[in-house]
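K.L.:
Take this structure, written in structure tokens, and hold onto it; I'll ask about it next.
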């Protein structure tokens, strides 16, 4: 077999038994972004994409959930001597003077163990690059990782590796859910809802132009994780007097009412709520869940706790600068406040009258497209 570069997708732990769904999402997103590939095939536990543009394909698919890591790799026959020599060749081109390198080999071979390749390739590299004064590192301490994955017939020697976001493939459950984005915490909750494998309908709620702009900027980082060419967004302006912490509780309560109303009119059974008992008082969480259930809907709390992998994913997709705002919410001291049902209903109805629907083609100009559509 003539060696060639391919893109290797490693499913996340949650996706190892859902590769059919992940495979479908990979094909969809590549087609949506108008990119080309030759074949996408499963090879043991990994998915291999044959393409003439591996860098472009990697950048196209690296926003998807359901992936542990993605590699641009050299694909060769699973032959001991060939694998060792290829690792040595690639490693000698990648390792810089004085660096510590670590050869990691995973997967399975019927004729030898991965650690046999690891030892042989490390020894070969020491001899090959002695002039660079580079030396072997450890799994915990290295400057350059030389990663190889073995399948029954093939070996994939990584040239470049990118971390995935984990979770389930988009819309794995084949169920629609509605959520709202209005601040940093709600954005992370929306992200977690997508990560769980739902097809999301997103409402954007705001009370002034500054909040709208900030929310749209945050939303711009979430849209690429949705496997659709166009995403319909609905915008609602809430008019709530600014009375500090108490107004925030009212604001979120009205959003819950809006979510319930729009969910019922769109025949969506599930509602994702951006509330958590770690942040909000228990009485408010329970009231919110009860209000959703009384409407015959199913409430979901996507973030009962903050998941480290989710925070990492939020950082990776560009939400890092918004995370400090979440810490401010954590520090808020909410006091029990009686929320009038008539007030909630009145504010909800007023917000629904401001409803604007726009269709966004996911791309590089999302922010401008959204704001332009809202202003016309």
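K.L.:
Can you give me the number of residues within region 1-55 that are touching a helix residue (DSSP H, G or I) at 6+ places or on another chain (Cβ under 6 Å), more than 21 Å from residue 171 (Cβ to Cβ) and either free of Cβ contacts under 8 Å to residues at least 12 places away in the same chain or in a helix (DSSP H, G or I) (or both)?
P.N.:
Qualifying residue count, region 1-55: 0.
K.L.:
State yes or no: is residue 190 at pLDDT below 95, closer than 30 Å to residue 297 by Cα and under 19 Å from the mean Cα position of the chain (by Cα)?
P.N.:
Details: at pLDDT below 95: yes; closer than 30 Å to residue 297 by Cα: yes; under 19 Å from the mean Cα position of the chain (by Cα): yes.
Considered against the rule, which asks whether it is at pLDDT below 95, closer than 30 Å to residue 297 by Cα and under 19 Å from the mean Cα position of the chain (by Cα), residue 190 comes out as yes.
K.L.:
Select from region 28-55 the residues that are exposed (fewer than 15 other Cβ atoms within 10 Å of the Cβ) and within 19 Å of residue 227 (Cβ to Cβ) and list them in ascending order.
P.N.:
The first filter runs over region 28-55 and keeps only residues exposed (fewer than 15 other Cβ atoms within 10 Å of the Cβ), leaving 31, 34, 36, 38-39, 41, 44-45, 52-53, 55.
Result: 31, 34, 36.
K.L.:
A further question follows. Where the second residue is outside any helix (DSSP H, G or I) and the first is in contact (Cβ under 8 Å) with a residue 60 or more places away in the chain and lies in region 278-305, which pairs have Cβ atoms under 7 Å and are six or more apart or on separate chains?
P.N.:
Pairs found: 300/177; 300/270; 300/271; 300/272; 300/273; 302/196; 302/272; 303/276.
K.L.:
One residue is enough: does region 331-340 have a residue meeting the conditions modelled with pLDDT of 65 or more, surrounded by fewer than 18 Cβ atoms within 10 Å (Cβ to Cβ) and closer than 30 Å to residue 163 by Cα?
P.N.:
Scanning region 331-340 turns up no residue that is modelled with pLDDT of 65 or more, surrounded by fewer than 18 Cβ atoms within 10 Å (Cβ to Cβ) and closer than 30 Å to residue 163 by Cα.
K.L.:
I've got another one for you. Go through region 99-125 residue by residue and tally those that are over 23 Å from residue 11 (Cα atoms) and at pLDDT below 95.
P.N.:
2
K.L.:
Considering each of 279, 311, 292, 275 in turn, give the residue that is assigned by TED's automatic domain parsing to the domain that holds residue 196, farther than 29 Å from residue 164 by Cβ and either at pLDDT 65 or above or out of contact with any strand residue (DSSP E or B) (no Cβ under 7 Å at 6 or more places or on another chain) (or both). Give the derivation first.
P.N.:
On the way: 279 fails: farther than 29 Å from residue 164 by Cβ; 311 fails: farther than 29 Å from residue 164 by Cβ; 275 fails: farther than 29 Å from residue 164 by Cβ.
Among 279, 311, 292, 275, only 292 is assigned by TED's automatic domain parsing to the domain that holds residue 196, farther than 29 Å from residue 164 by Cβ and either at pLDDT 65 or above or out of contact with any strand residue (DSSP E or B) (no Cβ under 7 Å at 6 or more places or on another chain) (or both).
K.L.:
Another one. So for region 232-241 (the condition being surrounded by fewer than 19 Cβ atoms within 10 Å (Cβ to Cβ) and under 26 Å from the mean Cα position of the chain (by Cα)), does at least one residue qualify?
P.N.:
Within region 232-241 (the criterion being surrounded by fewer than 19 Cβ atoms within 10 Å (Cβ to Cβ) and under 26 Å from the mean Cα position of the chain (by Cα)), the answer is yes, since at least one residue qualifies.
K.L.:
Give the residue that is nearest to the chain's Cα centre (by Cα), with candidates limited to residues of region 209-231 that are buried (at least 18 other Cβ atoms within 10 Å of the Cβ) and not in a helix (DSSP H, G or I).
P.N.:
The extreme case among them is 226.
K.L.:
Do we find a residue being in contact with a helix residue (DSSP H, G or I) (Cβ under 8 Å, 6 or more places away or on another chain), more than 26 Å from residue 64 (Cβ to Cβ) and either crowded, with 21+ Cβ neighbours inside 10 Å or not assigned by TED's automatic domain parsing to the domain that holds residue 264 (or both) anywhere in region 169-191?
P.N.:
Checked region 169-191: no residue is in contact with a helix residue (DSSP H, G or I) (Cβ under 8 Å, 6 or more places away or on another chain), more than 26 Å from residue 64 (Cβ to Cβ) and either crowded, with 21+ Cβ neighbours inside 10 Å or not assigned by TED's automatic domain parsing to the domain that holds residue 264 (or both).
The values are calculated or read from the model by the stated rules, or taken from the named source; none is laboratory data. Not measured: the values here are computed from a predicted model. Cβ coordinates were reconstructed from backbone atoms using ideal geometry, including for glycine residues, and neighbour counts include every protein chain displayed.
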